[in-house]
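What follows is a set of notes on a single structure, which appears directly below.
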Amino acid sequence: MTTAGRAGLLWASALAVALGGCTALDAHSNGRSAANDTHTSIDTGWHAAQVVRLGNAGELAVLADQDCGADGGPSARYALVRYRAGGVHSRSLGTGRLPEGGVLHVGDTVYANVLDCGAPLMTPAQHADKARR
């Protein structure tokens, strides 16, 4: 094989790996999940996110890129979640507005509305139920 042939093969291989890697991104890479793969959620601010920290508002609010506050002051329960809005960098949102009736754990998937800080986090089941209405 000639040098030009090897260079072409190497270039084609690198391109295939790069394009294949883009399809392997997880559900949090663009705010979508298998349960809701439509632009409607993203257009209205809803993004799939992952709970990364749980604690009280006084300690965690300073760590959030976007602090949505908490009713009850600095000792209120608070969740810090990370989401992606396209691209490779994630953003964090902190809120004391936790899912109704849901118990959160670090690592759980939730939905966060990055355009409406007054909206509580939702579990995937709550979000899917809302999408069906």
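The values are calculated or read from the model by the stated rules, or taken from the named source; none is laboratory data. Since the structure is predicted, the reported quantities are computational estimates derived from the model, not experimental observations. Here Cβ is always computed from backbone atoms with ideal geometry, including for glycine, and neighbour counts include all displayed protein chains. Remember, those area values only see protein heavy atoms, side chains included, never the ligands or the DNA or RNA. Shrake-Rupley method; radii C 1.70, N 1.55, O 1.52, S 1.80 Å.
Do we have residue 87 as loosely packed, with under 10 Cβ neighbours inside 10 Å, on the phi > 0 side of the Ramachandran plot and at pLDDT below 85 here? Yes, satisfied.
For the range 72-91, the set of residues classified as out of contact with any Gly (no Cβ under 6 Å at 6 or more places or on another chain) and not basic (Lys, Arg) consists of 72, 73, 75, 79, 81, 83, 85, 86, 87, 88, 89, 90, listed by residue number.
Scanning the range 62-80 for residues that are more than 16 Å from residue 118 (Cβ to Cβ) and of a type outside the set (Lys, Arg) gives 62, 63, 65, 73, 74, 75, 80.
Looking at the range 95-115, can you tell me whether even one residue there is without any contact (Cβ under 8 Å) to a residue 60 or more places away in the chain, outside any loop (DSSP other than H, G, I, E, B) and not aliphatic (A, V, I, L, M)? Spell out how you get there, then give the answer.
We begin by selecting, within the range 95-115, every residue without any contact (Cβ under 8 Å) to a residue 60 or more places away in the chain; these are 95-108.
Now drop any that are not outside any loop (DSSP other than H, G, I, E, B), which leaves 95.
Going one step further and asking which of them are not aliphatic (A, V, I, L, M), we end up with 95.
Scanning the range 95-115, I find at least one residue that is without any contact (Cβ under 8 Å) to a residue 60 or more places away in the chain, outside any loop (DSSP other than H, G, I, E, B) and not aliphatic (A, V, I, L, M), so the answer is yes.
For the range 96-115, enumerate the residues that are farther than 19 Å from residue 72 by Cα and either of a type in the set (D, E, K, R) or touching a Pro at 6+ places or on another chain (Cβ under 8 Å) (or both). Break it down into steps so the answer makes sense when it comes.
Within the range 96-115, the subset farther than 19 Å from residue 72 by Cα is 105-115.
The answer is 108, 109, 110, 111.
Tell me yes or no: at least one residue of the range 50-72 is modelled with pLDDT under 90, basic (Lys, Arg) and open to solvent by 40 Å² or more (accessible area, probe 1.4 Å). The answer is no, given that none of the residues of the range 50-72 is modelled with pLDDT under 90, basic (Lys, Arg) and open to solvent by 40 Å² or more (accessible area, probe 1.4 Å). Suppose we keep only residues that are in contact with a Lys or Arg (Cβ under 8 Å, 6 or more places away or on another chain) and assigned to a strand (DSSP E or B) within the range 56-81. Which one would you say is farthest from residue 111 (Cα to Cα)? Within the range 56-81, the match that is farthest from residue 111 (Cα to Cα) is 56.
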